[in-house]
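Contents: one structure, followed by commentary.
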Amino acid sequence: MSPVPKRPWIWLSILLIIAISVSCTRRPQPPVSFPTTPKDCIRSSHDFVEKSKIHIVKKRETLYGISKMYDTSVEEIARVNEITEPSSISSGQLLIIPGESVSNIRWPLKGKISSYYGRRVNRGLHTGIDIPASKGTPIRAVADGLVVASENKLNGYSKYGRIVILEHRDGIRTLYAHNKKNHVRSGSCIDAGDVIAEVGSSGNATAPHLHFEIMKNGSPVNPLRYLP
Ligand SMILES: [Zn+2]
């Protein structure tokens, strides 16, 4: 049998001193690096490429004539531009001409658009598109990016309720609003297709829907120019 030390606290003290001195002499760890730019987050290339041309309506032009000029249909131009009466176009009006899709981003959720981007009677500019869906439906990131905001209420965006904003390449940001719940934190990297939030009706929404925006260099643009 090995002899038991008479004063075990002495040995314990020596062990403690050794442990402290080892931890003090350990080399400093490199600081944990947080992603600070979308570049740190983008793993596969997702390009926001405008898929449409802009046409300025000239005198005596008709939607039918314009649709033939660009090899598309009256219905398609009317849909993208939210024109209910095709004969109502006037000279000088800007029309988005839908074309071949070259963006490889994805939709935030599948559904029918209930409100398009553009001016609304008495309600100013609608800066995004609305997609109704039942509460709790997953909302997915349209491309790889950095979460720059995930808030219950964001200054300047309070009518949007719970909101997530992602930053992507080339000065593009995407915004997802009226959420029931956000699943991401500011400063984290997100892959295209990741669930970032759930559909809700927070803020000034009257029914559950996703309000989705694309911003280029800080200004909202028509998401249908970029969505595939
Ligand atoms: Zn909206």
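Taken together, the values in this text are just the output of simple stated rules run on the coordinates, not laboratory data. Just so it is clear, the structure is predicted and the values come from calculations on it, not from any experiment. Glycine gets a Cβ as well: all are built from the backbone with ideal geometry, and neighbour counts include every protein chain shown.
General observations
- Potential lengthening between Ser114 and Ser219 on full extension [0.36 nm per residue; Cα-Cα distance subtracted]: 35.6 nm
- Cα gyration tensor shape of region 52-99, rounded if a/c is under 1.5, else prolate or oblate by comparing a/b with b/c: rounded
- Around the Cα centre of region 36-165, unit charges on the Cβ atoms of Lys, Arg, Asp and Glu (plus for the first two, minus for the last two) sum to a dipole of about 380 debye.
- Cα-based shape type of region 103-203, given that a ≥ b ≥ c are square roots of the gyration tensor eigenvalues and the cut on a/c is 1.5: rounded
- Highest mean first, the peptides 105-116, 189-200 sorted by other C-beta atoms within 10 Å per residue fall in the order 189-200, 105-116.
- At R0 = 22 Å, FRET efficiency that the Cβ-Cβ distance of Lys159 and Arg79 yields, to 0.05: 0.25
- Burial order of peptide ranges 139-152, 212-225 (average beta-carbon count within 10 Å, highest first): 139-152, 212-225
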